Every structure is written in structure tokens, then in C-alpha cells.
1. Can you tell me which residue is surrounded by the fewest Cβ atoms within 10 Å (Cβ to Cβ) among those in region 156-179 that are of a type in the set (A, V, I, L, M) and farther than 18 Å from residue 35 by Cα?
2. Looking at region 71-106, which of its residues are open to solvent by 40 Å² or more (accessible area, probe 1.4 Å), assigned to a strand (DSSP E or B), touching a residue at least 24 places away in the same chain (Cβ under 8 Å) and closer than 16 Å to residue 30 by Cβ?
3. Would it be correct to say that residue 57 is open to solvent by less than 60 Å² (accessible area, probe 1.4 Å) and more than 27 Å from residue 124 (Cβ to Cβ)?
4. Give 45, 56 a once-over and let me know the one that is part of a loop (DSSP other than H, G, I, E, B) and within 13 Å of residue 20 (Cα to Cα).
5. Any chance you could count how many residues in region 42-57 are under 14 Å from residue 93 (Cα atoms) and aromatic (Phe, Trp, Tyr)?
6. Of all residues in region 122-134, which are under 16 Å from residue 174 (Cα atoms), of a type outside the set (Ser, Thr, Tyr) and in a strand (DSSP E or B)?
7. Sort out which residues of region 135-179 are in a loop (DSSP other than H, G, I, E, B) and hydroxyl-bearing (Ser, Thr, Tyr), and write them in order of number.
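The values are calculated or read from the model by the stated rules, or taken from the named source; none is laboratory data. Here the structure is a predicted model, which is why all the values come from computation and not from measurement. Methodologically, a virtual Cβ is constructed for each residue, glycine included, from the backbone with ideal geometry; neighbour enumeration extends over all protein chains shown. All accessible areas refer to the heavy atoms of the entire protein, side chains included, with ligands and DNA or RNA removed. Shrake-Rupley method; radii C 1.70, N 1.55, O 1.52, S 1.80 Å.
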Amino acid sequence: SLTQTNTPAVTPTPPTIKNSTPTLLCLPDPIKPGEDVLIMWACRDDAYKTTAENFDTDEAVIGSVHVNPTKDTTYTLTCVNNRTTDTTAATCTIDVANPALAIIATPRRATRGGTVSLSWKTTDTNSCVLSSSNHPNFEKRGIEGDVVSPSLTTNTTFTLTCETTTGVLEERSVGVLVN
């Protein structure tokens, strides 16, 4: 005769979550104010919907959208699933470059053969060069600085040329009158 044994059903254990962080990309970075940014995302681990901060996912677990930030913005994606870890999140930040260049000469009038102090400061720049067409050997580098001009014999313009963090060249000039 056969003996029947009832074995209780085994509930399968969900696999261990190895990496539940969603993929979230914001490109390019940095940008100019109002420039187009592409946000791409993908959830993992059986996520069934998403929520987001500063952009709209329409609850899709994979997708992309375009945004046009005018100031530095952090984008947050939250993927919702039924696992032990209920939600997973990722962030990315877009730096909106607002380059500023300032240069001053002190004093603005010099006596013939005299010098002036030149000071400059910049924001959202990668590199800068201070030069003067009247003095081809005068060249100072840095995103900020304080230097003394060469000896001045004629009215002279000093030009600060900078590459911004978005790769654009910007210039500012200051003129010095020589008596």
C-alpha cells in the first residue's frame, strides 16, 4: 500500500537585492541657463512605478525627458517595488553656469612710465588669461589674481579672456589713461 505524505508548500524567497539603485543620468553638465538637458532613467528589482522631484516620469520605470533648468537643479528619481526594500532612489545635479568676469585697474590714470595694479575675479570659468596688445610679453594666467602692470608709456587696454565652464570664450577689458 502507498503512504501519502503531505509536504507543505515552500514559498520561494525573493532573490537578494544586489544593487537596487536605479540608473539616472542628466546630460550635459554644466550647461548655459535654459539649455536643453536630457534626463534618462531605468529602475531595477521589479519596480512597478516611479516618482520624481523636479521632472515628470509619468510613473514609468524606464524613460527619458528633456528639461530646461535656469539655475542649479537636483533631480531625484524614486523607484517603488514590492521587495523588502520598498523604494530605491537616485539623484543627479545639473550645474547651470552663470559666468561672471570682473577686472579693475587701480588707479585708472597713470603717469608716463608708471604702473597700475590689476585685479580680476571670475566665476564659472575654467581658465583665464590677462593680456595687453600694447605689451605682448605681459600675460598672466588664473581665474583670479592681483598683479602689477608693466611700465606704461601710452594709454593701455588690458583684456581678460576666459573659457567658461560651458566652453565659451568671454572677454572683459579695462583701459588705463597715461598722462
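1. Here the residue is 177.
2. Residues satisfying the conditions are 93, 100.
3. yes
4. Testing whether each residue is part of a loop (DSSP other than H, G, I, E, B) and within 13 Å of residue 20 (Cα to Cα) leaves just 45.
5. 1
6. Across region 122-134, the qualifying residues are 128, 129, 130.
7. 149, 151, 153, 154, 165, 166
Each row is one residue, and each column tells you yes or no for (1) open to solvent by less than 30 Å² (accessible area, probe 1.4 Å); (2) out of contact with any Leu (no Cβ under 7 Å at 6 or more places or on another chain).
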residue	(1), (2)
108	no, no
115	no, no
122	yes, no
133	no, yes
